[in-house]
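Some notes on the structure that comes next.
The values are calculated or read from the model by the stated rules, or taken from the named source; none is laboratory data. What you see is a predicted model; the values in this text were computed from it and never measured. Virtual Cβ from ideal backbone geometry, glycine too; neighbours counted across all protein chains shown. When the accessible area is computed, the model is the full protein with side chains, heavy atoms only, and any ligands, DNA or RNA have been set aside. Shrake-Rupley method; radii C 1.70, N 1.55, O 1.52, S 1.80 Å.
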Amino acid sequence: RRTVILALQTVLVCGSRYYLNGETSPDFIYNQNPAGFSANRFTRVFSVNWVYCLYIRDAMYPRFLAPDWSGRSIDLIESPGDVRVIWVLLLWAFVAYCTWSIFMGPSDKRATTNGVANAAEVRRTVLLSFWAFTMAPFLLSSNILVVVGLMKADRVIYLPLMGFCLLEALLFKQVLFPKPGDHRKSSSLVLGRMIGYALFLLQIYLFCRKLHERNLAWSHPLNLWVSAYRVNSRSYHTKYNCGYELAQKERYAEAELALRPIGSATVDGPTNTFVYAMVLYNLRRCDEALPLIDEALDVIEQKKLDGGVRDDYKSLARVESNLKVSKGFCSETIPEKGHWFYDAVQTDQTNEYAIQQATALAKEIERIKQIQGHL
């Protein structure tokens with residue numbers, strides 16, 4: 001009865017979600033999930049399954065955790081000679097064996113004949129529980145039913161980890177607390193329990209340390225993206241956020257190192273160029289910033305011609321306005337600064353940042369005029 005109720009609730013939630021989404025497809029792009037959107041079937045299948053292997057690694061050894069794995073973060077498997085193909089094949093073999101054990105494994109009668117009471121039933125319970133708690137929450141984000149807008153994300157295995165926890169608990173019980181009739185010596189059982197308890201406590205200690213580390217990382221955006229940059233510096237999104245947060249704290253030299261690879265608008269868009277240009281301005285390196293700004297403005301003009309869902313006029317106007325503000329900062333004369341700040345406001349009259357800079361410059365000009373009048 002509880003299962004039926006939960007199933008009906010799930011269907012209701014899915015229906016509500018579908019109603020809110022409407023008939024339109026999600027606006028996903030290739031860089032969000034290069035594996036799932038790959039045109040080559042071999043690359044798509046093996047790369048997606050390689051991500052499964054990485055999830056299993058993270059479940060057992062949560063060392064490489066980061067909030068973004070888009071774009072170039074994970075190399076695709078494009079050739080049968082890639083050594084990672086072996087791990088994918090081993091994963092398939094493990095899944096096939098588990099499936100066979102559930103449906104075609106030894107019967108309870110045979111297990112009883114061999115003197116191991118209910119061994120097959122226990123094994124099937126473990127496997128069914130593991131797959132139920134692991135696969136059910138993971139299915140929608142697995143790229144099996146539909147291609148999703150993420151290649152890898154730590155958050156999608158939060159619920160599937162329940163399956164791993166349940167599997168470990170069942171194995172712990174089976175190994176350290178044998179059923180009556182077990183013929184192992186009591187001394188070996190005691191030693192096994194001591195080793196098992198020690199390993200379990202060590203695991204709890206290490207995982208608690210990791211939990212504390214992740215809590216500190218997620219306590220502030222700067223901590224989060226700096227830690228993400230250390231784990232996965234290949235992600236353009238991570239580079240941008242790390243550089244932005246460092247710039248907010250006026251750590252411009254560090255921000256410049258993070259943003260340098262994506263400073264050109266031809267790499268990952270003109271938004272990155274604006275942040276990088278402002279960092280260069282604060283480092284007194286406007287001679288490097290100005291060519292990048294001009295290049296970014298050219299990219300925006302091309303995007304206006306090309307169109308696209310993600311390149312609507314409003315969003316492009318905001319980026320163009322910000323770039324003109326940065327060009328104003330790098331201008332050498334007050335009239336030139338005024339020209340670019342005014343142009344920035346005209347480009348996007350809702351851009352509060354541009355309005356603030358233009359207003360501040362106007363007040364500064366008025367103050368200078370008053371001083372000159374007194375002289």
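GluC sites (Glu not before Pro), restricted to segment 224-331: which are DSSP loop and have at most 11 other Cβ atoms within 10 Å?
Working: sites: E245, E250, E254, E256, E288, E295, E301, E320; in loops: E250.
Loop-located and lightly packed - E250.
Of all trypsin sites (Lys or Arg not before Pro) in segment 339-375, which ones are in loop regions per DSSP and have a Cβ with at most 14 other Cβ atoms within 10 Å? Mind dumping the intermediate values first?
Values: sites: K363, R367, K369; in loops: none.
Loop-located and lightly packed - none at all.
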Worksheet item: Around G269, which amide H atoms from residues at least 5 apart in sequence, or from another chain, sit under 5 Å from its own amide H, with H modelled in the peptide plane?
Response: none
Item to complete: Rank I74, I195, I355 by mean-square fluctuation in a GNM of the chain with C-alpha springs under 10 angstrom and give only the top-ranked residue.
Response: I195
Worksheet item: In square angstrom, what is the accessible area per residue of segment 156-287 with a 1.4 angstrom probe?
Response: 62
Worksheet item: Ordered by residue, what ³J(HN,Hα) values in Hz, to whole numbers, does segment 236-243 give under the Karplus form 6.51 cos²θ - 1.76 cosθ + 1.60, where θ = phi - 60° and Gly and Pro are x?
Response: 5, 4, 5, 4, 4, 5, 5, x
Item to complete: List the extent of the Cα atoms of the chain along each of their three principal axes, largest first, rounded to whole Å.
Response: 108, 48, 47
Discussion item. On the principal axes of its Cα set, how long, how wide and how thick is segment 229-374? Give whole Å, largest value first.
Written reply: 59, 36, 24
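Please report the carbon-and-sulfur percent of the accessible area for segment 8-53; probe 1.4 Å, protein heavy atoms only, DNA, RNA and ligands left out.
Numbers: 2010 of 3200 Å².
Solvent-exposed carbon and sulfur of segment 8-53 make up 63 percent of the total.
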Practice prompt. Cross-chain or 8 or more residues apart, Cα under 22 Å: how many lysine pairs in segment 211-351 fit that? Count them up, please.
Written response: 12
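At a 1.4 Å probe, what is the % contribution of carbon and sulfur to the accessible area of segment 315-368? If you can, show how the numbers build up before the last one.
Details: 1550 of 2750 Å².
Result for segment 315-368: 56 percent of the exposed heavy-atom area is carbon or sulfur.
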